[in-house]
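The values are calculated or read from the model by the stated rules, or taken from the named source; none is laboratory data. Just so we're clear, the structure is a prediction, and the values are computed from it rather than from any experiment. When we count neighbours, we look across all protein chains shown, and the Cβ atoms used for this are built from the backbone with ideal geometry, even at glycine. Ligands, DNA and RNA are excluded from the accessible area calculation, which covers all protein heavy atoms including side chains. Shrake-Rupley method; radii C 1.70, N 1.55, O 1.52, S 1.80 Å.
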Amino acid sequence: MELVSRQDPRLREVVWFAVCCRALTLLLQASPLFLSQRCCDALFNLLIPDHAADAFSPPRLPEPGLWDLLVERLLGGLSRWDAEHFLFIAERGYLYEHNCAFFPLYPLTLRALAEGALWPLQQLLRLRSRLLLSAVLLNSLFSILAAAALYRLGCLVLRCRRVAFLAALLFSLSPANVFMAAAYSESMFAFLAFSAMWQLEKGQSWLSGLLFSLASGVRANGLINAGFFLYSGGKCFALQLQGGSGAVRKLLPLWKQLLSLASSAVLMCAGIFLPFALFQYYAYVRFCGAATSLEPAVPKPLLQLALDKGYRLVATDGGKPPWCSQQFPVVYSYIQDAYWNVGFLRYFELRQIPNFLLALPVTLLGSWAAWTYIIANPRHCLTLGLERRRSEEEGKPRAGFCCPAVFVYVVHATVLLAFGFFCMHVQVLTRFLGSSSPIPYWFPAHLLQEHEPLLWSEGTAHQTTAPRSEKSLRGQSGSCGKRTPANPVVRLLLNCGLITPLGKCILGFFLSFWLLGLILHCNFLPWT
């Protein structure tokens, strides 16, 4: 991907803003080591003490050295909660059964970087410290690349560079920001998913299929992305039928086209499901097969942890896990059910009301986005976008969030929202949607562009071409006669007293979750 294009200064601004936001994130959670020699806790650790969370926390083996303690002080806030699983898997593999809830591509990438580019540091840092450093470096890179990919995708789908630009900037202020920075797989998944969507919109089906396949090796919800291929093939065939299906002489080529599209869709979907199937087979062999002498000995502290917490170890406990005897032994669904009680309506309890409140903003935003699109395109939604529109025939498709091309993305986001709300731990909805779909960024960008007069100063709201010059992008005169910044998010923040209540709610949601996530997550307090 060409990150910085001389012909598109907006892309340069997206990348620069993403770099600044990632640096600020690391700075806010990092230790103020150079400010006080007596303070070695992270900045927010000084304000709020660590919460004694009942989360996966394996013992540190071997004992950390001086440089390891320094890395932990600087970056330890990014190794909380599920990050412990990813770091543990990268270091010791899938030792415990419940580790199999976390897919292997991200831990493998961490291990490759720690043993490769960071190998010269092995004399100073033990493996876990190098893995944590690898996670910070990789997630910083992936989040920047994801912002660039989201901008490119938005330009093609929305046909409105200004909304695409604003959405990509909002991504760098994502409410799921802390999970994009911590040792979680969200940044990697967002980069792969947005890049795959972008390539599919460009017509690069095979490259898109490869990226979607890699994404399904990062997170289980990557399987849903197979729907993009199914819809793309179905829409292509439906539009061809409407273009000339009355001629008998064209019937045979259409059948050939149908077979071609069907075979291509089957191959692409198989490629997307392949990493999931291989991982389930690996787990079956590892936990359901007989123990071998080649299996390395488990350190006593890790054995004791398994006894204390009731964790099932690799093929050493004698009996096989219950899921091994199922007709389709899928360890992922078993772990979600047995360890975390994930299932339809299982989270609908009075004591979970605070978690539903945490998920309320993104739930309202996603529901509002779907409703807005349906109201703007009722016929298009009823026909599933398979009907050729007059505007498309005239070569003048509608631009912006309500354009026809957004339909499949709205459906994708709505499916994820409904599944997450009714079948998952609802508080994860913010990062679940924020790393999987462009809609949580396109729709707020659409609302800001439509309702904020401060953003109307640069021509029309549906500009589809690059600006005439870089100077026009860098700033225009504001109400006080001063040059306003090229970055529209910065412009709104610097003029927060002039923006509408809707704009304040949107930016307040993004910024408050961006900051609160750092404060709470880095101190082991419950967050999304």
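Just a few scattered comments:
Here's the yes/no breakdown for (1) out of contact with any Lys or Arg (no Cβ under 7 Å at 6 or more places or on another chain); (2) without any contact (Cβ under 8 Å) to a residue 12 or more places away in the chain; (3) assigned to a helix (DSSP H, G or I); (4) under 22 Å from Leu278 (Cβ atoms):
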{"site": "Tyr94", "(1), (2), (3), (4)": "no, no, no, yes"}
{"site": "His98", "(1), (2), (3), (4)": "yes, no, yes, yes"}
{"site": "Pro107", "(1), (2), (3), (4)": "yes, no, yes, yes"}
{"site": "Leu110", "(1), (2), (3), (4)": "yes, no, yes, yes"}
{"site": "Ala114", "(1), (2), (3), (4)": "no, no, yes, no"}
{"site": "Leu125", "(1), (2), (3), (4)": "yes, no, no, no"}
{"site": "Ser129", "(1), (2), (3), (4)": "yes, no, yes, no"}
{"site": "Leu132", "(1), (2), (3), (4)": "yes, no, yes, no"}
{"site": "Leu137", "(1), (2), (3), (4)": "yes, no, yes, no"}
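- Residue list for the stretch 320-367, filter: charged (D, E, K, R) and part of a loop (DSSP other than H, G, I, E, B): Lys320, Arg346, Glu349
- Test: Leu274 is part of a helix (DSSP H, G or I) and open to solvent by less than 30 Å² (accessible area, probe 1.4 Å): no
- Leu384 vs. criteria outside any loop (DSSP other than H, G, I, E, B) and either buried (at least 16 other Cβ atoms within 10 Å of the Cβ) or not aromatic (Phe, Trp, Tyr) (or both): no
- Filtered residues of the stretch 283-303 (kept if open to solvent by less than 90 Å² (accessible area, probe 1.4 Å) and part of a helix (DSSP H, G or I)): Ala283, Tyr284, Val285, Arg286, Phe287, Cys288, Pro301, Leu302, Leu303
- Test result for Gly420, open to solvent by less than 10 Å² (accessible area, probe 1.4 Å), assigned to a helix (DSSP H, G or I) and in contact with a Phe, Trp or Tyr (Cβ under 7 Å, 6 or more places away or on another chain): yes
- Taken over the stretch 223-258, the criterion of being farther than 19 Å from Leu386 by Cβ and modelled with pLDDT of 75 or more is satisfied by Leu223, Ile224, Asn225, Lys256.
- Selection status of Leu429, without any contact (Cβ under 8 Å) to a residue 12 or more places away in the chain and over 20 Å from Val157 (Cβ atoms): no
- Of all residues in the stretch 99-117, those that are buried (at least 20 other Cβ atoms within 10 Å of the Cβ) and more than 22 Å from the chain's Cα centre (by Cα) total 1.
- The residue pairs whose first member lies in the stretch 345-367 and is within 23 Å of Ser435 (Cα to Cα), whose second member is outside any helix (DSSP H, G or I) and aromatic (Phe, Trp, Tyr), and whose beta carbons are closer than 9 Å, counting only pairs six or more residues apart or on different chains, are Asn355/Tyr347; Phe356/Tyr347; Phe356/Phe348; Leu358/Trp527.
- No other residue among Arg130, Arg162, Arg152, Arg126 is modelled with pLDDT under 95, surrounded by 22 or more Cβ atoms within 10 Å (Cβ to Cβ) and not hydrophobic (A, V, I, L, M, F, W, C) apart from Arg162.
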